[in-house]
Amino acid sequence: MPVASLVALLTVWTLALLIPGPDFLAVSHASVARSRRDAVFVGLGVAGAMAVWATTSLVGLTVLLVKCQPLFEAVRLAGAGYLLWLAFQLLRSAARRRTGGPVAAGPRIRPRGAIAAFRAGFLCNIGNPKAAVFFSSVFAALLPPHVDWEYRTTIGVAIPAIGVAWYALVACLFSAQRVAAAYARARRVVDAVTGTLFAVLAGDLVFAE
């Protein structure tokens with residue numbers, strides 16, 4: 001496999017990663033609402049799901065998912081349901097603050113354990129079958145027909161590694177003291193906006209062609 005093809009593939013992946021989506025929302029909100037550690041584990045969960053999608057795409061299994069319409073629809077609806085659940089949690093939190101209902105003490109939500117945070121990130125990404133379409137399309141376009149397993153392994157490791165680096169950076173930026181203080185002042189608005197965006201993304205999953 002030419003090095004140029006590998007660089008092109010990883011460049012496309014990096015640029016796609018920078019586009020805000022549900023994973024970015026999950027990590028950034030965990031940073032400002034919970035803690036940097038919580039957000040890092042959410043990012044690791046997202047990267048773990050990316051590793052699953054990338055690996056299955058490299059061995060051709062995601063082609064079966066894309067072609068098997070009932071299975072594809074099941075994954076898509078499950079992912080939309082999870083995003084709607086996240087939206088409900090955030091919108092309920094915002095509504096409680098608006099109506100003066102009981103809320104957790106302190107400016108931040110209580111951080112989760114490492115496993116719970118990892119699971120949240122993993123489910124956020126693995127429930128989006130568009131990742132299967134993306135990886136299958138990119139690999140088909142940029143990978144030569146016959147690729148050595150050494151290069152496949154390199155790609156399978158590099159893709160989640162770039163994801164880990166990006167979301168660790170997001171976690172650090174959004175957990176900065178000034179950002180956390182701003183969130184504490186505008187928590188209801190931030191939760192409402194983030195919840196609404198999760199709901200919109202869920203609708204996009206449900207009604208996508």
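The set of residues in the range 112-153 being of a type in the set (Phe, Trp, Tyr) and either open to solvent by 50 Å² or more (accessible area, probe 1.4 Å) or at pLDDT 90 or above (or both) consists of Phe118, Phe122, Phe134, Trp149, Tyr151.
Among the residues of the range 6-22, those identified as assigned to a helix (DSSP H, G or I) and open to solvent by 30 Å² or more (accessible area, probe 1.4 Å) are Val7, Ala8, Leu10, Thr11, Val12, Thr14, Leu15, Ala16. Within the group Leu25, Leu58, which residue is touching a Ser or Thr at 6+ places or on another chain (Cβ under 7 Å) and buried (at least 18 other Cβ atoms within 10 Å of the Cβ)? Sole residue among the options that is touching a Ser or Thr at 6+ places or on another chain (Cβ under 7 Å) and buried (at least 18 other Cβ atoms within 10 Å of the Cβ): Leu25.
Mind listing whichever residues of the range 129-170 are of a type in the set (A, V, I, L, M, F, W, C) and closer than 10 Å to Met50 by Cβ?
Our first condition is that a residue be of a type in the set (A, V, I, L, M, F, W, C); within the range 129-170, this holds for 131-135, 138-143, 147, 149, 155, 157-159, 161-162, 164-166, 168-170.
Listed by number, the residues that qualify are Ala131, Phe135, Ile159, Ala161, Ile162, Val164.
Within the range 28-37, if we keep just the residues that are within 15 Å of Ala165 (Cα to Cα) and of a type in the set (D, E, K, R), the residue that is most open to solvent (accessible area, probe 1.4 Å) turns out to be Arg37.
Of all the residues in the range 154-169, those that are under 12 Å from the mean Cα position of the chain (by Cα) and open to solvent by less than 50 Å² (accessible area, probe 1.4 Å) number 3.
Every residue, every condition in (1) β-branched (Val, Ile, Thr); (2) closer than 23 Å to Pro144 by Cβ, yes or no:
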residue: Leu18; (1), (2): no, no
residue: Val27; (1), (2): yes, no
residue: Trp53; (1), (2): no, yes
residue: Ala78; (1), (2): no, no
residue: Gly81; (1), (2): no, no
residue: Phe88; (1), (2): no, no
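The values are calculated or read from the model by the stated rules, or taken from the named source; none is laboratory data. None of the values given here were measured: they were computed from a predicted structure. Ideal geometry is used to build each Cβ from the backbone, glycine not excepted, and the neighbour counts take in all protein chains shown. Areas reflect the complete protein model, heavy atoms only, side chains present, ligands, DNA and RNA absent. Shrake-Rupley method; radii C 1.70, N 1.55, O 1.52, S 1.80 Å.
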